Structures are given as structure tokens and as C-alpha cells.
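The values are calculated or read from the model by the stated rules, or taken from the named source; none is laboratory data. Fair warning: this is a prediction, and the values are worked out from it, not measured in the lab. All Cβ positions, glycine included, derive from the backbone under ideal geometry; neighbour counts span all protein chains shown.
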Amino acid sequence: MFWFTLRRLVSVVAMVFLITATTFALFYASPIDPARYTCGKNCTPTILEGNRKALGYDKPVLVQYSNFIGGLFVGRDFPDNDELKAQHPEQIVHCPAPCLGYSPSQHRTINEMVGEAWPISLSIALGAFILWMIVGVGGGIVAALNKGKWQDRTIVGSALVGFSLPTFFVGLVLLTFPAIKWGLVPIPNYVPFGTSPVKWAQNLILPWVTLAFFFAASYVRLTRAYMIETMSEDYIRTANAKGVAKWAVIFRHGLRAVLTPIVTAAGLDLGGLLGGAIITESVFSMHGLGYLAVHSVTTMDLPTIVALVMIVSTFIVLANMVVDIAYGFIDPRVKLS
């Protein structure tokens, strides 16, 4: 187990390094001068040259990439030019490790922006994840155990509706009626967990339900299909014939065999959501990583776009590693070698 985990960690580091190199090359080694994205439509040759020197874009791509990697480990100063640092020492902005870069349009380090947005995305993703796993897996089990009955038809039909409705529509309906018209829940306005756990949860109910409504529908169908297949296996019939308690047959024998594909899907879905739920955050004006990504694209904030691509990719790679390790605990047939 130790060596398997170590090998997976090494592969994750190699994959993240490859992702950073590829992403950096796509944006900074292109024929378009990246300095053109730093000052909007009012760029003049003087401003372009100043921004190019301040951000280090005048250096070779390999040097820029090595400076970026160095910033991840030891931090970095902006402007990234010794001459400008000497001329204007009062304008130096220090970006501590792991430094993701500096946004010239926001005049802030990307670390600061990600630090403000990350707790919001994390809160939305984890709450929705717990909700959709409970509803989706639970609903799938109930539907499978009542195959062909009204419970099965009701759950599967509801799942089909949930899977068909777009996330932005569900979010707008929940925002319009329960929050604005009926006043059953507060209009979402993120409150840090440390300030008030109750208000934190109250303001995240609608984003949680919006995301869970879509994902739970997928997990109902997934769990139901695998549960029906598993409950018809010989070892399940043998356990029933031996008089094993029904709950033990369902959860200890049936559900455990079903967990492998569920964990695979859950790990990837959660990994993607940790990088920001773009539509949900936009609908509820929650300024998480997804909202930050949309704003960065619309303003052509190149350094922030690159940093967010790397963050999301890293989350997904890490989620894959966690899923691989979890296989060994869930299914004894999986050999961690």
C-alpha cells in the first residue's frame, strides 16, 4: 500500500508538471504578444513595453516558465525586472509561495484573489457533494430494491426530470420563488463559516440544492443500474438463503460492490467542482473560483486564466489519485500493486 501510494504521488507530481508546462506554452509561447492583454484597448507602445518588462514577458519563454515554477516554491516579486525594481522600490509587490502570478488588470496577486474565492467554491462543492450522494445513492438503492414498482417509477422519473433541466434554470427558479418571492430562505450572500456556521449554511442552501438536483439525478440512475445487476449475483442469493439479515445483504454485500463505479464518478465530479461551479456561482452571484474564471475570460486577464486552468487540472489529478487509493479499501479484488 505504501509503495502504491508513493508511486501514485510521483505520477501526480509528473502529471501536474506536464499540465503546467503545456498550459504555460499554450498561452505564453503563442504568436500573440501576451502583453497586449494587460492594458485593454488603450494600449500604447510605451505602456506595452512597460508592462512587458514589469511582468517579465520580454524574457524567453523558458526563462518565464522557470521563474513561474520558482515562484511556486520560493515566491516572487513584481515587477519581475531588476531595473524597474531599482528605479521604483516602493512599487514592488511580493507574492509569497506558492505564487500563482500577478494580475495587471486587478493590480493584485492571483494568490489574493484565489484566497478570497477558494473558500466559497469549497463550501459550495462539499455541501452539494454530501447532499447529492445521500439523495442520489439512497434513491438509487430504493429504486433498485423496488424494481418495476411505483417507487421505482417515481424515483427514476424524477431523476430524468432533474437530469434534463439545465442548472441555470433550476438556480433561477430557486432564487426567484423560495428566496425572493416567498422569503423562505435568505438570498445567497456568502458568510464565512468562522463568522457564523448557521448563516453560512443558510446562505448556501440554494446553491447546494441547485447542484445536488442535477448530480443526484445521475447518481440515482448509476446506483440503480449497478444495484440491480449486483443483487442478482449468486453470492447475494447465497447470503439470502443462509438467512443473513436483509440490511447486511443490501449494504455489506450489495452496496460495497456497487461503490467502485460510484466512487470513480464522485471523485471526478468533486474534483471538477472544487475548481468552481461556474454556472451556479454566476446565478447566485457567489464570487468563487468559477465566477473568477468567467470574469478573467471576459477581461482577458491572461495570468489569472492560466493559474485557474492549472488549479482545476491539479484538483482533477488529485481526485483521480484519491479514487485509485480508495479502490483498495472498497473492493478487495483490487490489488494495489
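The table below gives the values:
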{"read-out": "Residue that is in contact with a strand residue (DSSP E or B) (Cβ under 7 Å, 6 or more places away or on another chain) and of a type in the set (Ser, Thr, Tyr), where the choices are Thr280, Thr304", "value": "Thr304"}
{"read-out": "Residue in the range 106-121 that is farther than 30 Å from Val209 by Cα, at pLDDT 90 or above and among the polar types (S, T, N, Q) present", "value": "yes"}
{"read-out": "Lone qualifier among Thr298, Thr264, Thr230 - being over 13 Å from the mean Cα position of the chain (by Cα), among the β-branched types (Val, Ile, Thr) and surrounded by fewer than 17 Cβ atoms within 10 Å (Cβ to Cβ)", "value": "Thr298"}
{"read-out": "Qualifying residue in the range 274-286 (condition: in contact with a Pro (Cβ under 6 Å, 6 or more places away or on another chain), assigned to a helix (DSSP H, G or I) and crowded, with 17+ Cβ neighbours inside 10 Å)", "value": "yes"}
{"read-out": "Residue list for the range 24-49, restricted to those being among the hydroxyl-bearing types (Ser, Thr, Tyr) and modelled with pLDDT of 85 or more", "value": "none"}
{"read-out": "Residue identified as crowded, with 21+ Cβ neighbours inside 10 Å and among the β-branched types (Val, Ile, Thr) among Ile134, Ile120", "value": "Ile120"}
{"read-out": "Those residues of the range 166-221 which are surrounded by 21 or more Cβ atoms within 10 Å (Cβ to Cβ) and among the small types (Gly, Ala, Ser), in sequence order", "value": "Gly171, Ala212, Ala216, Ala217"}
{"read-out": "Hits in the range 61-80 - residues which are farther than 17 Å from Val306 by Cβ and out of contact with any Leu (no Cβ under 8 Å at 6 or more places or on another chain)", "value": "Phe73, Val74, Gly75, Asp77"}
{"read-out": "Qualifying residues in the range 17-58 (those that are among the β-branched types (Val, Ile, Thr) and under 31 Å from the mean Cα position of the chain (by Cα)) - the one nearest to Met300 (Cα to Cα)", "value": "Thr38"}
{"read-out": "Candidate set: the range 77-100, residues that are surrounded by 18 or more Cβ atoms within 10 Å (Cβ to Cβ) and modelled with pLDDT of 90 or more; chosen: the one nearest to the chain's Cα centre (by Cα)", "value": "Leu100"}
